[in-house]
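Worksheet: one structure, shown below.
All of the numbers you see were taken from the coordinates with simple rules; none came from a lab. The structure displayed is predicted, hence computed values, not measured ones. All Cβ positions, glycine included, derive from the backbone under ideal geometry; neighbour counts span all protein chains shown.
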Amino acid sequence: MIDWYVGQRVVCINDKTEETEPGPYVVRGRIYTIRQILMEMDWNRGEETPTFILEELPINPVANWGLGYDADHFRPLRDDEVEVDEKIERIVPRKEPV
């Protein structure tokens, strides 16, 4: 079991979605930051599972909500990947979250 936390950087490993709301959606291989963790019922599994709201995806200003993604769509960013990502960010600065 992974101990997820707000502010943690994660890598998308599964960008498949059945979402009907307009995007943007997560993209496999991209790095995201957990903004909020919600526990939501997964009726297929019969248990609550963590769902992430991500910093890099916009929050709907009218409804005040963002698309949530199950934790199994992500893995934690490894320490060696953080170093590479920081080098890239120095070359191409990260955009501020919406």
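All C-alpha to C-alpha distances of the stretch 1-60, sorted into 10 Å bins beginning at zero, yield P(r) values of 20, 52, 28, 0 percent in whole numbers.
Under the simplified labelling scheme, the R75-R30 pair shows an inter-label distance of 2.0 nm, with each label point 7 Å from Cα along Cα→Cβ.
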